[in-house]
1. Relative to the longest principal axis of the C-alpha atoms of the chain, give the angle of the C-alpha long axis of helix 58-78, reported between 0 and 90° and rounded to the nearest 10°.
2. Given that compact globular proteins tend to follow 2.2 N^0.38 Å, what is the ratio of the alpha-carbon Rg of segment 62-104 to that value?
3. Loop only by DSSP, 10 or fewer other Cβ within 10 Å of the Cβ. Give me the GluC sites (Glu not before Pro) in segment 48-121 that pass, ordered by residue number.
4. Output the Cα-based Rg and Dmax of segment 29-120 in Å, rounding Rg to one decimal and Dmax to a whole number.
5. Return the lysines within reach of Lys26: Cα separation strictly under 30 angstrom, same-chain partners fewer than 8 residues apart disregarded; answer none if there are no such residues.
6. Using only helices, what value at 222 nm comes out for the chain when you add -39,500 (n - 2.57) per DSSP H run of length 4 or more and divide by the total residues, to the nearest 500 deg cm²/dmol?
7. For the Cα atoms of the chain, what angle does the longest principal axis make with the long axis of helix 109-120, in degrees from 0 to 90, nearest 10?
8. Evaluate the relative contact order of the chain (contact order divided by residue number), counting alpha-carbon pairs under 8 angstrom at least 6 apart; express in whole percent.
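Read-outs throughout are calculated quantities, based only on the coordinates presented, and are distinct from any laboratory measurement. Keep in mind the model is a prediction, meaning the values are calculated, not measured. Here Cβ is always computed from backbone atoms with ideal geometry, including for glycine, and neighbour counts include all displayed protein chains.
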Amino acid sequence: MAHLHQPEAPDTYTDIRNLRWSQTEKAIARKAFERALQKELHEVIQKTQRMAATIEHPSDLWELESFLTTRRKEIDDKFDYRYSVLPDVFGELVREGRVHEDELRGLAEDKLAYIRKFARF
């Protein structure tokens, strides 16, 4: 009887960087990526509005500026759409609950296995 073999997550950093992305996978990834980015930006907007509504002193302005600078750097670092790092990005977003695995349905099993592995890390 034939054995069904599930692909395993690539074991090395180099392996994951060499994955090929089909056009369908690229479309699925872009949609999930953009949805997660928009959620994160919406949260920043909401917090910024709350902070701005309480500004009373010049120091409050600098606190708001510091918050925005920090969040911009965090978002820029986290949301990297290069295919060579996208499985890492999705692993982090899954771990944070910003992307659910069902949003990635349609990606090849090797990519999903790596994302699952990274999300548990």
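1. It works out to around 10 degrees.
2. Numbers: Rg = 12.9 Å, N = 43, 2.2 N^0.38 = 9.2 Å.
Cα-based Rg divided by the globular estimate yields 1.40.
3. On the way: sites: Glu56, Glu63, Glu65, Glu74, Glu92, Glu96, Glu101, Glu103, Glu109; in loops: Glu56.
Counting only loop positions with at most 10 other Cβ atoms within 10 Å, the GluC sites (Glu not before Pro) in segment 48-121 are Glu56.
4. Just the Cα atoms of segment 29-120 yield Rg and Dmax of 16.2, 54 Å.
5. Lys39, Lys73, Lys78, Lys111, Lys117
6. Details: 5 runs with 80 residues, N = 121.
So the helix-based figure for the chain works out to -22000 deg cm²/dmol.
7. 50 degrees
8. Dividing the mean separation by the residue count of the chain yields 45 percent.
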